[in-house]
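All remarks here apply to the structure that follows.
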Amino acid sequence: MTPVSINTGRLRSPFYPRLAELDSLNTWHNWAGYSSAEALYCEDMEYFAIRNSTGVFDITPMTKYRITGPDALDYLNRLVTRDMRKIKPGRVAYAIWCDDQGQVIDDGTIFHLREGEYRLCSQERHLAWLTTAAIGFDVTVKEETAEIAALAVQGPTSYSVLKNMGIDGLDSLKPFGLIHHQIFGTELMVSRTGFTGDLGYELWIDPDKAIDLWDALFAAGKLHGIQAIGTHALDLARKEAGYLAPFEDFLPAETTVRTGRTRSPLEIGMEWLVDFNKDNFNGRRALLKEKAEGSTWRLVKLDIEGNKTADHSYIYADDKKNSDEIGFITSAAWSPVCKQNIALGTVRTPHGKPGDNVWVEVYYQREMHWNRVMAKATVVDKPFWFPARRGMTPPAPF
Amino acid sequence: MIDKYDAIVIGAGHNGLVCSALLAKAGKNVLVLEANDQVGGAAITREFADGYSVSACAHLLYKMQPQVEKDLNLNINLASDNLSTIVLSEVGEHVTYCGNKVTGVNESDQKNFAEFFKRMTRFSDLLNTYLNKPPPRLGTKNKKDLFTLAMLGFDLRRMGKVEMREFLRLIGMNIYDELDERFESPLLKGGLSLDSVLGTHLGPRSPNTILTYLFRMAGKHGTLSTPKGGMGSVTKAMSDSAKAAGVEIITNAKVKKVIIEKGTATGVELNDGTIYNSEIVVSNADPKKTMLELVGARNVETRFTHRIDNIRMKGNAAKLHIALNKLPTIKGFSESDYSQRILIAPDENYVERAFNSAKYGESSPLPVLEITFPSIKDSSLAPSGCHVMSAVVQYAPYQQKSDWNEEARTNFKNDIFSVLKQHMPDIENCCLSSEILTPLDLEKEFHITGGHWHHGELTLDQFMFVRPVAGSAQYQMPIDGLYLCGAGSHPGGGISGASGRNAAQVILKREKR
Amino acid sequence: MKKYDAIVVGAGHNGLANAAFLAKAGMDVLCVEKNDYIGGAAVSRELYQDWKYSNCSYVCSLLRPEIYRNLELHKHGLQITPYGGSVQFMENGDYFGSYHDPEAAHREMARHSKHDADAYTRYSTDTMRQCRLIRNFLLRTAPDPTSFKPRDIKELMLLGNKFLELGEDRLYEAIRFWTMSVADYLGEYFETDVIKTALSGSGIIGTALGIHSPGTAYVLLHHYMGDVDGNVGSWGFARGGMGAVSNALAGALQSYGGEIRSESGVDQIIVKNNRVQGVALESGEEIYAPVVVSNMDVKRTFLNCMDEKDLPASFYNRIKNFKIRGSSGKLNIALDGMPTFPALPPGSELIGHADMHFIDSMERMERAYDDWKDGTWSKDPYIDCTIPSAVDPTMTPPGKHFMSCFVQYCPAQIEGRAWTSEERDAFTKSVIDQISNYSPDFKDLILHVETRTPQDIEDQIGITEGNIFHGELTMDQLLFNRPVPGYAQYRAPVNGLYMCGSSTHPGGGVMAAPGANAAREILYDLKLKNTVPENFGDD
């Protein structure tokens, strides 16, 4: 008997050596079993790389599943709420999937790599659900997280950086499009996707070529302000873009113990992703019923007066005494780029219609002492940050 | 042929026939589609050797719901009725029980048996009330569901404190401990153990076997009879009744799929491409076959599919048919004994040991048997002077480690014969020909997934509120217009017609809405 | 002769907890114990010089934190230290480890099956839902469903409401969970045999059922519903051995003025005119009190220590047929050092710190049960093996170790007759051999072995058939059916006589809930102020 040696420590992405070189803070946390940096040298500066030049974030830990087989399209169409028939090869879809009761399990992106061949990416691990969903379909679901190294390259100069690297076809690459490019003797996939709400791309490559890619990228970006960034910077950017994070703004239904804590897509502002006109999909019956009878919760984006961040605050209705507690904040931040006090929250219907005023009970600490303010807030229906460059094709060079 | 039917029933098993007849009687235009060339599903008479016929699957009637007989004006011609059960003893000191009487045991066992029988019939009567109506949903605010639940509570309480407590204690319990508490005779305990585990993947020590026993007693308190002409005559009578009510039955019509548009069933398509339209499609097929093959996972939800896939429905009962040139000798048997129900189950531990093998995908080397010689009271089943033996043999697990290859079948047959020989020393000389139907064969012949008689184990986790699966116990499947009416739905197996009748009630109520 | 307010028979953990709560309410309480040490099955005994043996119960998780806190057990020396993970040694030389840290656990599970590693999340979520449900009822008296008393109806409605709170879909899941077998339950989540095997152990520990027997999923829950500092399902060692639990409870009892008398076995519970009078000790001495509480299992209480004529016939018969089966035995071993386990990587945190199991397939698990049904011990047993001394330095001299092996299945009698010494040796050998298959130096390190068959446990501690739960945890003996229908509220059918052992709701394990619940009912009957804490609750 020879002992089976296993590494019981956190996994490291193939980019780890480069990240470690740049890291001066040593704040690593766990992301789906991998070490992921919270920040590398200064989270404020890293954030501005996203909004001002180019921030590079290692998304290798994102779980990736390859979906192939004759029924791949039918399988995905039953899995997610949007109509996948409309997603042609070379396109990417942001999608959400639900359990039988129409409660959100997770969101993610589905890449239509080639005809009939898909990759699904999500922050959390879902192999069990994806396998269960495959009962009755001629489809193969393969977990391939470790087989692909991936980087998010995000910010206004990202287009120029990649062009500098010699990547063709960027000029016509629209948001949610993908192209393949031969480099280092392998295939690099470039998709115009991201989690920052800004101009940006994601690069996908064989892990053996990860370091080559990193080095080429940073060489190409040297004059364009390229910076490696950590999770904190990204998290701030996603809040400005109004993107949701699982376990913060909603709970994955499969792992939620208490009844009533989960949310449907209609309750988290994702109705636009639900296509009742296509054939059956998971949760369809429940969601149709909910649509007819009305939802219990509504996700709100709040513009809050003042500058005190409203983390974990209660939300109250705008009545005489502000006495009706109607919900709570799930994500909050001071937006450096909008100079706004922003938050995402969940409130009971019928509260929280766009334009409604609500009150937020903010507790904040200054030099040990706690203070409390009731801040007025307005429900907005557009992302806080939505720059024109995000959708421009071709993007402007910088 | 009509362009559009009010309802299409897939499968002419007894529940499908009952359901179709009741729908037709209510004025519906009903079409029944049967894959095989005769109606009856698994309840048919089968000629297994030239001139020798038996009931192919179940060979005794004991659960037929009187209400079904009445509703369908069934006139079932019985070859024999009120059969006794004889548990064979190697030395000829058999134990015989019928109703609340038992012979061949000591006085205390006799007294206790009467008491046991009284209590069990009482509990099974209570159970039977609920077998004959669709189960309520739980956790909803629907008034009707709440009322049915309240009635259930009331009915329990009405039995009196002592009996209610006893019911709540026994309902999840195993038969082994209960028998051990009450009786001394190993043969009596063996026989009752077998009664509790027949057709299941359970041994007498498995909790839940009181429930299976009560289920057996429900309806007719376990009174046994055999129909003249075999089980096929029962389903023949049902199909006659259905036809008389206007039901159209097409045989050799194998359904390929249920046609579904936007979550609603609109008809069915046959293997040959023929399409029949209807707003109501009722499936007598088992839940797995219905949902995974005929409907397809893509048309239903993921967890629902998972639950259907997880239904435990792998059969353990094989059927042995023997053509006999004369009746075999059984020590201590009188002529009339041969026409009774005969069990080989010498004691409760023997039955449990037989079950052990099934857990590991092996057939029992010392199987338990339920034997009848139906030709004694029904000369139509065998040439004059000759006889047939029909036996249910356990355990013969569907998923046998050897996949039931020829060798495994031969070995199992040899094992059965050596057990038979202990009680019928001349059986081999009497045997003209024989056949064995394993659950695998039953699956092939009757299109029952897993070859399970009850279309799914009858255990509390697959019973009533959660049969066939959680959330779909009210016959309506999560597709508009699609219903189940087979044994896979509440209340479960046995030739009772209850599932078909309950399903028809639900369908007709929907129409009123 | 002094007369007490209450006499508790048996100084097991439930008896001590019960006595402590009664004493806290101001009652003059005496706890009598037959042995010359207290604790019943929660003891630390020096059976080999300088070694402390937790020679019966060996791990602690179910002990209700409400009771721990309320009786201030930390002040009386109790300290529970969590320990990490478990390991399943496999016949092919590999192993399956489970770790406290969820990520490490995921990685190791993914090594065997990526699917199962992800499925585990849903499995633990679903199981947690059932835990949250059952935990509501642990520190409550089970309502009598046949009763129309306001108190019962209120409790019944509370029970019903807790179920309704689950919502329709999860309500069905609960029904299924409570009735299915642990093998079927695990089969709905996992595909890998060794992973299922590792999880299935909790479904059979202490029962006379196999992993395929319906009802064993609940037994799994019974082992999951405990917690160490809010980490549900995790287990801990009591520092100083399990006797520390009993000593702390005894300390609490004495701090409230209660008395304990050891070497005072009760011969008879004295009853006059359907009213309890006190107890007669084996020495002949009689002690009187208007309230007698029995910590003994119900069979021992009513069949051995009472007169049949003092009890209603139907009750007596029910007790006679109460299922309390010897299904597990123990080996307690003093070791000269830490055995090596070559399958594990050197320095693995699993060595010594984990529950070790030497069985790797569901078929082996079930076959172990078949042996028991045939009236003999499992030749290839399920062993739950711990080395508490690796975590707790007070158990043994430095560098030496104490190993506790819980062994299943092991019958109370061999084919209906007493064990012979040869059979005992053969049983011991089958356990040691199984471990040796995975630890070549294990045998050489053994300094002393104590083998305990169910019969030994019964003889020494008094539990009928040495059943660790004082009665099978099957549906017919749970909640309002425990110990027997109609008597699930701790009151015996004799005025002033109560039951507080694990034969009563919510059952066995070092939980102290039966003792506490019985105290609440006694104080209710005496119209005294309740001292028993309520469930901490969870939104």
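The values are calculated or read from the model by the stated rules, or taken from the named source; none is laboratory data. All values derive from a computational prediction rather than experimental measurement. FYI the Cβ positions are ideal-geometry reconstructions off the backbone, even for glycines, and counts take in every protein chain you see. Remember, those area values only see protein heavy atoms, side chains included, never the ligands or the DNA or RNA. Shrake-Rupley method; radii C 1.70, N 1.55, O 1.52, S 1.80 Å.
One table, with the values for the structure above:
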{"quantity": "Search result, residues across the range C:265-287 that are in a loop (DSSP other than H, G, I, E, B) and either of a type outside the set (Gly, Ala, Ser) or in contact (Cβ under 8 Å) with a residue 60 or more places away in the chain (or both)", "calculated": "C:GLY265, C:ASN273, C:ASN274, C:GLU282, C:GLU285"}
{"quantity": "Selected residue [closer than 30 Å to C:ILE359 by Cα, in contact with a helix residue (DSSP H, G or I) (Cβ under 9 Å, 6 or more places away or on another chain) and either hydroxyl-bearing (Ser, Thr, Tyr) or open to solvent by 20 Å² or more (accessible area, probe 1.4 Å) (or both)] from C:HIS76, C:HIS100, C:HIS112", "calculated": "C:HIS112"}
{"quantity": "Matching residues in the range B:250-303 - criterion: being outside any strand (DSSP E or B), touching a residue at least 40 places away in the same chain (Cβ under 8 Å) and touching a helix residue (DSSP H, G or I) at 6+ places or on another chain (Cβ under 8 Å)", "calculated": "B:GLY263, B:ILE280, B:ASN284, B:ALA285, B:ASP286, B:PRO287, B:LYS288, B:LYS289, B:MET291, B:VAL300, B:GLU301"}
{"quantity": "Long-range neighbours under 9 Å by Cβ, at least six apart or interchain, first residue open to solvent by 50 Å² or more (accessible area, probe 1.4 Å) within the range C:454-465, second among the hydroxyl-bearing types (Ser, Thr, Tyr)", "calculated": "C:GLU465/C:SER327"}
{"quantity": "Hits in the range A:64-80 (condition: surrounded by 23 or more Cβ atoms within 10 Å (Cβ to Cβ) and either at pLDDT below 95 or of a type in the set (Val, Ile, Thr) (or both))", "calculated": "A:ILE67, A:VAL80"}
{"quantity": "Close pairs (6 angstrom Cβ cut-off, 6 or more residues apart or separate chains): facing another protein chain (nearest Cβ under 8 Å) in the range A:271-296, charged (D, E, K, R) and surrounded by 17 or more Cβ atoms within 10 Å (Cβ to Cβ) anywhere", "calculated": "A:ASN282/B:GLU301"}
{"quantity": "Any chance C:MET395 is assigned to a loop (DSSP other than H, G, I, E, B), under 28 Å from C:ASP459 (Cα atoms), in contact (Cβ under 8 Å) with a residue 12 or more places away in the chain and aliphatic (A, V, I, L, M)", "calculated": "yes"}
{"quantity": "Subset of the range B:423-481 [in a helix (DSSP H, G or I), among the hydrophobic types (A, V, I, L, M, F, W, C), open to solvent by 10 Å² or more (accessible area, probe 1.4 Å) and touching a helix residue (DSSP H, G or I) at 6+ places or on another chain (Cβ under 8 Å)]", "calculated": "B:LEU440, B:LEU460, B:MET464, B:PHE465"}
{"quantity": "Members of the range B:163-182 that are of a type in the set (Val, Ile, Thr) and open to solvent by 10 Å² or more (accessible area, probe 1.4 Å)", "calculated": "B:ILE171"}
{"quantity": "Segments classed as helices (runs of 4 or more DSSP H), wholly inside the range C:166-209, with at least 2 members that are open to solvent by 30 Å² or more (accessible area, probe 1.4 Å) and of a type in the set (D, E, K, R)", "calculated": "C:168-179, C:193-200"}
{"quantity": "Verdict on A:GLY155 being touching a strand residue (DSSP E or B) at 6+ places or on another chain (Cβ under 7 Å), more than 30 Å from A:GLY283 (Cβ to Cβ), of a type outside the set (Val, Ile, Thr) and assigned by TED's automatic domain parsing to the domain that holds A:ILE50", "calculated": "yes"}
{"quantity": "Residue identified as open to solvent by less than 20 Å² (accessible area, probe 1.4 Å), of a type in the set (Phe, Trp, Tyr) and over 30 Å from C:ASP101 (Cβ atoms) among C:PHE237, C:PHE302", "calculated": "C:PHE302"}
{"quantity": "Options C:GLY284, C:GLY347; residue that is open to solvent by 30 Å² or more (accessible area, probe 1.4 Å), over 28 Å from the mean Cα position of the chain (by Cα) and either hydroxyl-bearing (Ser, Thr, Tyr) or within 14 Å of chain A (Cβ to nearest Cβ) (or both)", "calculated": "C:GLY347"}
{"quantity": "Filter result (surrounded by fewer than 23 Cβ atoms within 10 Å (Cβ to Cβ), touching a strand residue (DSSP E or B) at 6+ places or on another chain (Cβ under 6 Å) and of a type outside the set (D, E, K, R)) within the range A:190-217", "calculated": "A:THR193, A:PRO207"}
{"quantity": "In the range B:43-58, the residues that are outside any strand (DSSP E or B) and surrounded by 24 or more Cβ atoms within 10 Å (Cβ to Cβ)", "calculated": "B:ALA43, B:ILE44, B:ALA56, B:CYS57"}
{"quantity": "Enumeration of residues in the range C:93-111 that are touching a residue at least 24 places away in the same chain (Cβ under 8 Å) and either at the interface with chain A (Cβ under 9 Å from one of its Cβ atoms) or touching an Asp or Glu at 6+ places or on another chain (Cβ under 6 Å) (or both)", "calculated": "C:GLY93, C:ASP94, C:TYR95, C:GLY97, C:TYR99, C:MET109"}
{"quantity": "Subset of the range A:285-303 [of a type in the set (A, V, I, L, M), within 24 Å of the chain's Cα centre (by Cα) and under 19 Å from A:ARG261 (Cα atoms)]", "calculated": "A:LEU287, A:LEU299, A:VAL300"}
{"quantity": "Residue in the range A:307-330 that is of a type in the set (Gly, Ala, Ser) and touching a helix residue (DSSP H, G or I) at 6+ places or on another chain (Cβ under 8 Å) present", "calculated": "no"}
{"quantity": "Residue in the range A:81-92 that is of a type in the set (Asp, Glu), over 17 Å from the mean Cα position of the chain (by Cα) and either over 12 Å from A:LEU120 (Cβ atoms) or surrounded by fewer than 21 Cβ atoms within 10 Å (Cβ to Cβ) (or both) present", "calculated": "yes"}
{"quantity": "Total residues in the range A:191-247, condition among the small types (Gly, Ala, Ser) and assigned to a helix (DSSP H, G or I)", "calculated": "8"}
{"quantity": "Residues of the range A:176-200 classified as touching a helix residue (DSSP H, G or I) at 6+ places or on another chain (Cβ under 6 Å) and among the hydroxyl-bearing types (Ser, Thr, Tyr), total", "calculated": "2"}
{"quantity": "Cβ pairs under 6 Å, 6+ apart, first in the range C:344-372 and on the phi > 0 side of the Ramachandran plot, second surrounded by 18 or more Cβ atoms within 10 Å (Cβ to Cβ)", "calculated": "C:GLY352/C:MET338; C:GLY352/C:ILE387; C:GLY352/C:ALA390"}
{"quantity": "Among the residues listed as C:ARG64, C:ARG69, the single one being surrounded by fewer than 16 Cβ atoms within 10 Å (Cβ to Cβ) and within 20 Å of C:CYS131 (Cβ to Cβ)", "calculated": "C:ARG69"}
{"quantity": "Qualifying residue in the range C:126-145 (condition: open to solvent by 10 Å² or more (accessible area, probe 1.4 Å), facing another protein chain (nearest Cβ under 8 Å) and hydrophobic (A, V, I, L, M, F, W, C))", "calculated": "yes"}
{"quantity": "Qualifying residue in the range C:193-201 (condition: within 9 Å of another protein chain (Cβ to nearest Cβ) and in contact with a Ser or Thr (Cβ under 9 Å, 6 or more places away or on another chain))", "calculated": "no"}
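So that you can scan it fast, the table gives a plain yes or no per residue for (1) among the aliphatic types (A, V, I, L, M); (2) over 21 Å from the mean Cα position of the chain (by Cα); (3) open to solvent by 20 Å² or more (accessible area, probe 1.4 Å):
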{"position": "C:ASP370", "(1), (2), (3)": "no, yes, no"}
{"position": "C:ILE435", "(1), (2), (3)": "yes, yes, no"}
{"position": "C:LEU447", "(1), (2), (3)": "yes, yes, yes"}
{"position": "C:GLU450", "(1), (2), (3)": "no, no, yes"}
